[in-house]
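I have placed the structure first, in the form of structure tokens, so that the comments after it can refer back to it.
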């Protein structure tokens, strides 16, 4: 068998450059059965590449258009693989060749637990699954994937077996855990990560432990209050945030875990509300007993906001949004744990009250927040003036609203939402949610 590394070193520099004359990309062979392909691979001592796709899959079509036709990709695969495309769905337009593969497609789907498309399977010449991946991958990345599939030191399932036999060095475990997670093998990813964290990282002294690399990995795999690393984020937040150079990283992680365990597991079952009347006082008391007042107050208030929004109880929703902003500052529910400019946060908070509030005092509060967005913005922003105009309009101050909406248009003349709002204000139509 040809040396795959030598092939890759030859192929990679030319992936995005001129095509090799005479090459026509990957040649897929579906003329024989799955069992016949495996027999042929063993006879020719070649690996097997299987593209599991669906007719409706956009990323699959993108692979067909942008990756598989690349000549250098074709050479890499023709030298090292037998390649086959397997259609995993069925349509009325399927020809006899596709239909002949129906049974094999179902076998592959069941045996290799294929749940997303495209899924790429790589099997050794003796028919053993050694590597896999999924989703669109550009030509350079796809060539690297093929190289990994040919390299026992990079093959996912070979590494998995090495780990299970207790032969894997600690230094190789983070990469395996991250790869397992990317393949949606969450259970195995957590098992490897916890082994590495508990039996290696947590035995380091503080100087060696508290690095961005180590803490980044620990952050990604801390998911429960029973994890040994949870206490680090709860008791040593300042040190972790300083090393990671991310404000409130530790607090946000702890918040998410406490909310899931102490609130969501009680309020929801299978994604649906398990009660119509949460005992917020009891929930808050229980969190205070296990943790402290600041965590309990902050997390319960945030959970109330999401609960009342889901129930479309807008009076309670707006009341709690105002409580949150006044106590903890403006926020953005969509990008709640991502740092953003303060002006954008003021604008979002103001817009929420505008959309769902009916009480004049609440709308006046939103107008104040909107003014803060305009005031604290680095440069004039049409969206911020649009928010201010809409709140004025809902307060019944139409002429002032039109003036600010005109300013919004001047700042952002191509924004369709601002144009639409201006037209509605001119016509006297609502620009806010009516249900």
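A few notes on this one:
- Sorted by Cβ neighbour density within 10 Å, fewest at the top, the residues 376, 24: 24, 376
- Förster radius 41 Å - calculated FRET efficiency between residue 292 and residue 312 (Cβ-Cβ, nearest 0.05): 0.80
- Note on segment 270-416: Cα Rg divided by 2.2 N^0.38 Å, N the number of residues, gives 1.18.
- Quarter of the Cα convex hull surface for segment 4-163, i.e. its orientation-mean projected area (nm²): 9.5 nm²
- Each of 131, 147 was scored by other Cβ atoms within 10 Å of its Cβ. Arranged with the fewest first, they read 147, 131.
- Taking only Cα atoms of segment 343-427, radius of gyration then Dmax in Å: 11.6, 33
- Projecting the alpha carbon convex hull of the chain along each direction and taking the average yields 28.8 nm².
- In terms of overall dimensions, segment 169-245 has a Cα radius of gyration and Dmax of 12.1, 33 angstrom.
- Over segment 114-267: Kirkwood hydrodynamic radius from C-alpha pairwise inverse distances, Å: 17.4 Å
- Taking Cα atoms only, the orientation of helix 139-150 departs from the longest principal axis of the chain by about 50 degrees.
- Relative contact order (percent, whole number), the chain, Cα cutoff 8 Å, 6+ residue spacing: 8 percent
- DSSP beta bridges in the chain [antiparallel fraction, %, rounded to 5]: 60 percent
- Compared with the dominant Cα axis of the chain, that is its longest principal axis, helix 249-259 is turned about 90°.
- Protection proxy ranking of 35-41, 316-322 - average other beta-carbon atoms within 10 Å, highest first: 316-322, 35-41
Each reported figure results from applying straightforward, stated rules to the coordinates on display, with no laboratory input. Treat the numbers as computed from the prediction; the structure is a model and nothing was measured. Glycine also receives a Cβ, built like all others from the backbone with ideal geometry; neighbour counts cover every protein chain displayed.
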